[in-house]
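Presented below is the structure to which this report refers.
The values are calculated or read from the model by the stated rules, or taken from the named source; none is laboratory data. Keep in mind the model is a prediction, meaning the values are calculated, not measured. Ideal geometry is used to build each Cβ from the backbone, glycine not excepted, and the neighbour counts take in all protein chains shown. For the accessible areas, the whole protein counts, side chains as well, though only heavy atoms, and no ligand, DNA or RNA atoms are used. Shrake-Rupley method; radii C 1.70, N 1.55, O 1.52, S 1.80 Å.
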Amino acid sequence: MSVLIKNVSIVTMTEPELVYGYVLIKDGMFHTVNSGEPTDELISEVGRIVNGQGKWLLPGLINTHGHKGMALLRGHSDDLPLHRWLEEKMWPFEAKQDRQAVRAGRDMAMAEMILSGTTTFLEMYHLFMDDFAERIEEVGMRASLMRSMIGLCPKSEQEAKLDEAKLFAKQWHKKASGRIQTMLAPHAPYTCPPDFIERIVEEARHMSIPVHMHLAETQFEVNKHQEQYGIHPFDHLEEMGLLSNVHWLFAHGVYLEDTHLDRMKEYDLAVSYNPVSNLKLGSGVARVDEMLRKGLTVGIGTDSVASNNTLDLFEELRMGALIQKGQSHDPTTLQARDALKMGTVNGAKALQFENLGKIEKGYEADFVLVAPNEVHLQPKEHIISHLVYATKGTDVTDVYVKGKPLLENRELLTLDKERIVFEANEEYQRILQK
Ligand SMILES: [Zn+2]
C-alpha cells in the first residue's frame, strides 16, 4: 500500500538537509521526497494520507549495541565497577532467567525503543535468540541479531556454541522481508581465548556476515590482556590477521591509542559509542571526536538498560555530544549534525544495512515523526539543534518501519503496553524468588 505523509519538515540526512513538504512511500521504500504540496492527482492515487501538521520527519534512530535480553535487570544493581557488577549481580540473575522472563524483558525493550523513536537495533545475547527473531518479525522492527558467545569453557562447548550461533545466523539473515540481519559475536577478548575468536572470524568470513565484539571497554580489561599476552587486545587481533576480509563492529573502544584509530580506518572498522553506559560504569569516554576526524564509522548505542538505564537514543545523542565537548574543552567538537549522523546514517553503515538512515528516494521507509508542540522545543525553527540538544523520546508521536506504522499518536500498534508493564513486574519478581 502507498502512504503519503504531508505538511512535514523533513530532516533528510542528505542534501538538501531540510525539506518542507511531503514523502510518498511505496512498497516500504521512499518513492518521492518533495517540497510543497502534493498534487490532487497524487492524492487521488495513494492508499493512505497522513497530515503531518508541521511535525518533523526524520530517519528512525539506530541503536548499534545492546542486550535486550537483560531488560528486566533495569535498576537491579547500580554503582558497582563493571567486572564486579557483571560477576556478582548480572550473571547470577541472568543464569536464572527462562524463556518467559527474557521475552517479557524484550517486549518491554521494544516498546520503549518504539516509543522513543528507535526503529533499528542490535541485539547481542546468548539466550532464546530464535524466540526474539520471531517476535521482531511480528512486531515489525528492524534488527541485527547475534547469538553472543563466551569462550571460557572446554573446546567442545565452544564449538557447540559456535554451531548454534552459525545456525541462527544462517536461518535469520535477511529474513522478515529483509528487516532482520545477523552477525557472529564473540563476547569480548577477556571472555574469549584468542583461538576461539579466530574460529569465529573464520566462520564469519565464510558466511560473509559481520563480527561484533566488546573491545577495550575498561582500562582494567586492557591491562589484564597486556599482562596475560603482552599486547593490547586490538594489536593482538591485528597480529593474528583477524581484522581484514570481514566487517567488524566494536562496542565501546574506550581505551584505544592514536595508532589504533589510524589502523581502524585502514580496515574500515565501525565503532559503537555508548556514552551513558561508559559513564555509569565509570569506564571512561571513548575518543569519538578523534575517531570521526579520522573518518571512522561511529554509531550510537545504549548497551543494556542494566547499565544505562534507558533506551532513549535522543538522550544518548545529547549526552554523547556534550561529554565529547567537556572532555576536549572544545565546544566545536561533535556538532549536532554529526551527532545526528551517528544515530542514523552511521548506524546503518555500522550494522551493514543498505539504503537505510536517510530520507531519500530508494531508501527504506523507516522514519519517525516528532511533534514540536511542547514548550521545551520553542521557538521551533532550529530543528537540527533541537533534535540533539532538546528533544526527548516522548516527543516522538509516530514510528514507521518499512512503510508500516508501529506507533500512531503515541499508541503502540503491534505491542500491548498494559500487558508489557504487568508482565515486566511479574517476571522480575518470579526470577528474583527462584
Ligand atoms: Zn554490551
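Quick one: which residue in Gly36, Gly66 is within 16 Å of the ligand (Cβ to nearest atom) and modelled with pLDDT of 95 or more?
So the residue among Gly36, Gly66 that is within 16 Å of the ligand (Cβ to nearest atom) and modelled with pLDDT of 95 or more is Gly66.
Residue by residue through the range 20-42, note down the ones that are surrounded by 19 or more Cβ atoms within 10 Å (Cβ to Cβ), part of a strand (DSSP E or B) and touching a Ser or Thr at 6+ places or on another chain (Cβ under 9 Å).
Answer for the range 20-42, where residues must be surrounded by 19 or more Cβ atoms within 10 Å (Cβ to Cβ), part of a strand (DSSP E or B) and touching a Ser or Thr at 6+ places or on another chain (Cβ under 9 Å): Gly21, Tyr22, Val23, Leu24, Ile25, Val33.
If you go through the range 273-295, how many residues are more than 16 Å from the ligand (Cβ to nearest atom) and open to solvent by less than 10 Å² (accessible area, probe 1.4 Å)?
2
Please determine whether any residue of the range 202-222 is charged (D, E, K, R) and within 16 Å of the ligand (Cβ to nearest atom).
Yes, there is a match, as at least one residue in the range 202-222 is charged (D, E, K, R) and within 16 Å of the ligand (Cβ to nearest atom).
Which of the following residues is in a loop (DSSP other than H, G, I, E, B) and under 18 Å from Lys55 (Cβ atoms): Pro372, Pro331, Pro405?
Matching residue, one of Pro372, Pro331, Pro405: Pro372.
Of the conditions (1) more than 16 Å from the ligand (Cβ to nearest atom); (2) touching a residue at least 40 places away in the same chain (Cβ under 8 Å), His83 fails just one. Which one is it?
Result: His83 passes all but (1).
Could you check the range 296-308 and list, in sequence order, the residues that are within 13 Å of the ligand (Cβ to nearest atom) and buried (at least 24 other Cβ atoms within 10 Å of the Cβ)?
Matches in the range 296-308: Gly301, Thr302, Asp303, Ser304, Val305, Ala306, Ser307.
Please find, within the range 121-149, the residue that is farthest from Ile300 (Cα to Cα) out of those that are away from the ligand (no atom under 15 Å from the Cβ) and among the aromatic types (Phe, Trp, Tyr).
Per the stated criteria, the residue is Phe128.
Given (1) assigned to a loop (DSSP other than H, G, I, E, B); (2) buried (at least 20 other Cβ atoms within 10 Å of the Cβ), identify the lone condition not met by Lys434.
It fails just one condition, (2).
For the range 359-405, give me the residue count where each residue is within 14 Å of Gly140 (Cβ to Cβ) and among the aromatic types (Phe, Trp, Tyr).
Count: 2.
For Ser9, indicate whether it is among the polar types (S, T, N, Q), open to solvent by 30 Å² or more (accessible area, probe 1.4 Å) and more than 16 Å from the ligand (Cβ to nearest atom).
no
So in the range 328-365, with the set limited to residues that are farther than 30 Å from Arg287 by Cα and of a type in the set (D, E, K, R), which one is least open to solvent (accessible area, probe 1.4 Å)?
This residue is Glu364.
Give the number of residues within the range 200-226 that are small (Gly, Ala, Ser) and surrounded by fewer than 16 Cβ atoms within 10 Å (Cβ to Cβ).
1
Which helices (runs of 4 or more DSSP H) sit wholly inside the range 197-305 and have at least 2 residues that are free of Cβ contacts under 8 Å to residues at least 12 places away in the same chain and over 26 Å from Met319 (Cα atoms)?
By residue number, 219-229, 258-266.
Is there a residue in the range 49-65 that is hydrophobic (A, V, I, L, M, F, W, C) and touching a His at 6+ places or on another chain (Cβ under 7 Å)?
Taking every residue of the range 49-65 in turn, none turns out to be hydrophobic (A, V, I, L, M, F, W, C) and touching a His at 6+ places or on another chain (Cβ under 7 Å).
Going by what's in this entry, would Asn245 be described as away from the ligand (no atom under 16 Å from the Cβ) and either out of contact with any helix residue (DSSP H, G or I) (no Cβ under 7 Å at 6 or more places or on another chain) or within 18 Å of Met291 (Cα to Cα) (or both)?
no
Tally up the residues in the range 366-393 that are under 20 Å from the mean Cα position of the chain (by Cα) and either crowded, with 20+ Cβ neighbours inside 10 Å or modelled with pLDDT under 95 (or both), please.
The number of residues fulfilling the criteria is 9.
Looking at (1) assigned to a helix (DSSP H, G or I); (2) surrounded by 24 or more Cβ atoms within 10 Å (Cβ to Cβ), which one does Met319 not meet, given that it meets all the others?
The number of the failed condition is (2).
Is at least one residue of the range 408-416 open to solvent by 20 Å² or more (accessible area, probe 1.4 Å), among the polar types (S, T, N, Q) and touching a residue at least 60 places away in the same chain (Cβ under 8 Å)?
yes
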